[in-house]
Ligand code: GAR
């Protein structure tokens, strides 16, 4: 059975594009049940259309976090996109912080502890450079090595059990664009690879098996 994903995204959607392509090419045993964005004109809407994925907008503009989460949960419930039908929520450039209120709807009790079935891709080697501008912050800090993290989400921002990380290196002559571009290329490799591992393990993997060994993957 393919791993069923509900994708939340706010931006251009290049990660959704890559995941959907990997699925189409038969390289990833996942299914994207729906894409939901909080931004009315997000690029991901066009990406979802290109891949013929159901895509919905649940706008967050001018709403308090709790208010938006309640609307989102009610919407997901109405569409049958719940813990009963979805294996993982994938945050692919979702630029809203999720609180425990939302996360509780996707809680899992495993033998090795409780976690939320919510996966995030973050453009840094967490715990360094949390927040919405991680590539810019890492570049400005002059790091020689940065990277990409895919992790399970918890109630803290850009935090939770790490599924996998991969590094990329700052090269001589890099400007911010070339640096960030190297990182994004790595995201597009790491995310499908981690989802593939999750699909192999099935939705009931144990926290004790983390982080995954990505075989020295780097950018
Ligand atoms: C990606 O770089 C992703 O890692 C980042 O937003 C971008 C979305 O790009 N996420 C975060 O910063 C989350 N804190 P995309 O819309 O092209 O996939």
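Counting only residues that are more than 23 Å from residue 31 (Cα to Cα) and touching a residue at least 40 places away in the same chain (Cβ under 8 Å), the stretch 99-109 holds 2 of them. Note on the stretch 8-46: residues that are touching a helix residue (DSSP H, G or I) at 6+ places or on another chain (Cβ under 9 Å), part of a loop (DSSP other than H, G, I, E, B) and away from the ligand (no atom under 14 Å from the Cβ) amount to 3. Among the residues of the stretch 117-147, those identified as in contact (Cβ under 8 Å) with a residue 12 or more places away in the chain, within 9 Å of the ligand (Cβ to nearest atom) and not in a helix (DSSP H, G or I) are 120, 121, 122, 123, 124, 130, 131, 132. Does residue 58 satisfy the condition of being over 27 Å from residue 204 (Cα atoms) and more than 16 Å from the ligand (Cβ to nearest atom)? Yes; evaluated as a whole, the condition is true for this residue. Please specify each residue of the stretch 142-151 satisfying the condition of being surrounded by 20 or more Cβ atoms within 10 Å (Cβ to Cβ) and out of contact with any helix residue (DSSP H, G or I) (no Cβ under 6 Å at 6 or more places or on another chain). Result: 147, 149, 151.
The residue of the stretch 150-183 that is nearest to residue 213 (Cα to Cα), among those that are in contact with a strand residue (DSSP E or B) (Cβ under 9 Å, 6 or more places away or on another chain) and in a helix (DSSP H, G or I), is 183. Filtered by the rule that a residue be surrounded by 16 or more Cβ atoms within 10 Å (Cβ to Cβ) and farther than 16 Å from residue 116 by Cβ, the stretch 197-211 gives 197, 199.
Tell me whether the stretch 126-141 contains one or more residues that are surrounded by fewer than 18 Cβ atoms within 10 Å (Cβ to Cβ), in contact with a strand residue (DSSP E or B) (Cβ under 8 Å, 6 or more places away or on another chain) and closer than 30 Å to residue 73 by Cβ. For the stretch 126-141, residues surrounded by fewer than 18 Cβ atoms within 10 Å (Cβ to Cβ), in contact with a strand residue (DSSP E or B) (Cβ under 8 Å, 6 or more places away or on another chain) and closer than 30 Å to residue 73 by Cβ: present. Restricted to the stretch 160-184, and to residues there that are within 11 Å of the ligand (Cβ to nearest atom) and surrounded by 16 or more Cβ atoms within 10 Å (Cβ to Cβ), the residue that is nearest to residue 14 (Cα to Cα) is 184. Taking the criterion of being more than 24 Å from residue 69 (Cα to Cα) and in contact (Cβ under 8 Å) with a residue 60 or more places away in the chain, the only residue of the stretch 148-166 that qualifies is 148. Being under 30 Å from residue 219 (Cα atoms) and outside any strand (DSSP E or B) is a property that residue 49 has.
Number of residues in the stretch 84-95 that are within 12 Å of the ligand (Cβ to nearest atom) and out of contact with any strand residue (DSSP E or B) (no Cβ under 7 Å at 6 or more places or on another chain) equals 1.
Among the residues of the stretch 96-116, just one is near the ligand (Cβ under 10 Å from one of its atoms) and surrounded by fewer than 16 Cβ atoms within 10 Å (Cβ to Cβ), namely 97.
Of all residues in the stretch 1-13, those that are within 13 Å of residue 33 (Cβ to Cβ) have Cβ atoms under 6 Å from Cβ atoms of residues that are part of a loop (DSSP other than H, G, I, E, B), 6 or more apart or on another chain, in 2/29; 3/87; 4/86; 4/87; 6/81; 6/86; 7/92; 8/94.
Laboratory data are not the source of any read-out in this text; all were calculated from the coordinates shown. What you are looking at is a predicted structure, and each value in this text was computed from that prediction instead of being measured. We place every Cβ from the backbone using ideal geometry, glycine too, and count neighbours over all the protein chains shown.
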